[in-house]
Structures are given as C-alpha cells and as structure tokens.
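Each remark here refers to the structure printed beneath this line.
Coordinate-derived values only; no laboratory data. Because the structure is a prediction, the values reported are computed rather than measured. With ideal geometry, Cβ positions are generated from the backbone for all residues, glycine too; neighbour counts draw on all protein chains shown.
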Ligand SMILES: C[S@@+](CC[C@H](N)C(=O)[O-])C[C@H]1O[C@@H](n2cnc3c(N)ncnc32)[C@H](O)[C@@H]1O
C-alpha cells in the first residue's frame, strides 16, 4: 500500500467512527506525520510512495485511538497555543483557540499601563496546562506570574511546560484565590463553566477524556465564576483587571453576578471569532493595594 492509500483508509475509519469528514482528513494526516516524524511538505511529496517499513504498525494504533474518540492532542501529546507548543495529556484540559482572546485582551490592557510602571503582577486561576500563565510570563516583559489549580496532575504538566518553554511561573496548588494573596494587577481565568446536566451532551472527546473538574462547575456551571468574582476585588491592585472566560450562554448570568459584585465593574464581554460573548473584562473599582496600573 502507498502512504496515500494508508491515509485514505484511516480517514474512512475515522469518518465511520463519527468524526466529521473535514476533521478526519486533517487528523489522518497529523497522525501520519506524528508516526513518521515528517513535516507536511515531506508527507505531501511522498504520498505516492510505498509506506516505509514500520509505518503501518506505528500508524494503526494511533488511528485506533482516534477512532475511539480520544482527542488528537492527547494522542500526539501537544496543542499549540499563542504560537507555542504545549504538552498535554489526560488530566489536563486541551487549550482552546478562544482562550487566546484572554491573552489578546491582557496584552492590550498591559500596553495601556503608565510608562515605567513596575512589572505587572499576574495570577492565572485554574491554569491547567499553564497556557495562559506561561504565555503571559513570556509576552509581558518583567511580569511576575503566579498560577493556581486544584488538580495536581494539571500542575505537574504546567510545570513541565514552563520549563520546556523557558517561562518563570510560581505554580501553587489551591482553589481560586486561596493559595495566593496578591495584590495582582491582572487576574486571568478560564474556569470550568459547564453546567452539570450538560456534561452528558458534550462530544465524546471532551466527555470521556478531558477531566470533569476542568469542565463542570455545579448545576448551572457558574460555581467557580461566582467564587472568583466573590474573592477577586480584595486581591486586586488599584486599576487592576480581571479577565474571565465564560460559557456560550452565560453572558446574561455573568452580567447579573457582576452587577451585584462589590469592588468590580463589568466593562464588556468580548466576543470570540464566532461572535459568542466569551471573555468578561472586569475592572477593579476600589482603591485596593499596590501601585496604580
Ligand atoms: C477549563 S480548565 C482551563 C485550563 C487552562 N487555563 C486553559 O485555558 O486551557 C479549568 C481548570 O481549572 C481547574 N479548577 C477547577 N476548579 C478550580 C478551582 N475552584 N480553583 C482553581 N482551579 C480550579 C481545573 O483543574 C482546570 O485545570
């Protein structure tokens, strides 16, 4: 069989497993490249060649795992976020592209700070793979970045990612703001926000493979968001920002939670590329501690 024929057979198997055809083409190719250790140019150039020795044996188990609806990122062990490769595996949420909106908003906000202001103090709540904390540590010169998570498995992966990517982040186990006192100029979080009853309806890749603690936050999905909003104000420096990712249908509920929150003001909920309100941009309204931002 040629490499092309192997890829076509894999694609058919993935489609039969319920993976949408466009995604199946891409996944069959990425799994082949992973098995061969080739880049896309090499793969495309050699598609008509007979499959190299050992390829079918290496490729088949990868395709079988994907057919069982294991996420591609867990199989190849990596997911790109803000242009950098993050190691991922069972026990940690796979970074999503919409979460990059938090980075975009954070960098834009940091650019408005007074010239000469000290390095920004950042906290990432629910760091998972460390994608937000590490990206901000690498993108914001002089930033001092801390990160928390209730999951020891996630923190272990986040520490590995920080080391591999050359970022300095203070990772602390703990729930929300319990592990870190502040003051922080910037608090970011992509918390769990799926309502418990909705978990059963998620795609098999998410429902059966990604950690429930990274996804579900109580009956209405808002438990952790409430906890963050409830504790953030005293931990924020004057002029501080809180950026929180929210679920596709939570804009109204989050607006209500913020309307009742002391010391915080919701500025807007930024939309993602699909037009879904995705990142709540929140300002500290009390004097707080620390230097003005
Ligand atoms: C949706 S994942 C986000 C991971 C990562 N920040 C990202 O964007 O890919 C939520 C993370 O929050 C953690 N978590 C859940 N409840 C928490 C809590 N009460 N306090 C801190 N972290 C929590 C989970 O273990 C998980 O790693």
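Quick notes
- Modelled FRET efficiency - R0 25 Å, residue 208 with residue 175, Cβ distances, 0.05 increments: 0.45
- Calculated FRET efficiency for the pair residue 68/residue 5, C-beta based, R₀ 25 Å, to 0.05: 0.65
- Relative contact order of the stretch 141-224, defined on C-alpha pairs under 8 angstrom at six or more residues apart (%): 26 percent
- Relative contact order (%) - criterion: Cα under 8 Å, at least six apart; region: the chain: 14 percent
- Highest-fluctuation residue, 60, 214, 179 considered, GNM on the chain with Cα pairs under 10 Å: 60
- Between 46, 164, 241, the residue with the greatest mean-square fluctuation in the GNM of the chain (Cα pairs under 10 Å linked by springs) is 46.
- Zone residues, the stretch 174-212, relative to residue 153, backbone N less than 11 Å from point 7 Å out along Cα-to-Cβ: 209-212
- Cα-based helix-to-principal-axis angle, 100-110 vs the chain, degrees rounded to 10: 40 degrees
- Rounded to the nearest 10 degrees, the inclination of helix 3-16 to the longest alpha-carbon principal axis of the chain is 60 degrees.
- Highest-fluctuation residue, 122, 206, 246 considered, GNM on the chain with Cα pairs under 10 Å: 206
- With Cα atoms, 0 to 90° folded angle of helix 21-36 axis to the chain main axis: 80 degrees
- Förster-model FRET efficiency, 45 Å R0, residue 107 and residue 53, C-beta, rounded to 0.05: 0.40
- Separation of the residue 273 and residue 252 label points, Cα + 7 Å toward Cβ, nm: 2.9 nm
- Largest first and in whole Å, the equivalent-ellipsoid semi-axes of the chain read 39, 21, 16, each the square root of five times a Cα gyration tensor eigenvalue.
- Dividing the helix sum by the residues of the chain, where each DSSP H run of 4 or more adds -39500 (n - 2.57), gives a mean residue ellipticity at 222 nm of -11500 deg cm²/dmol.
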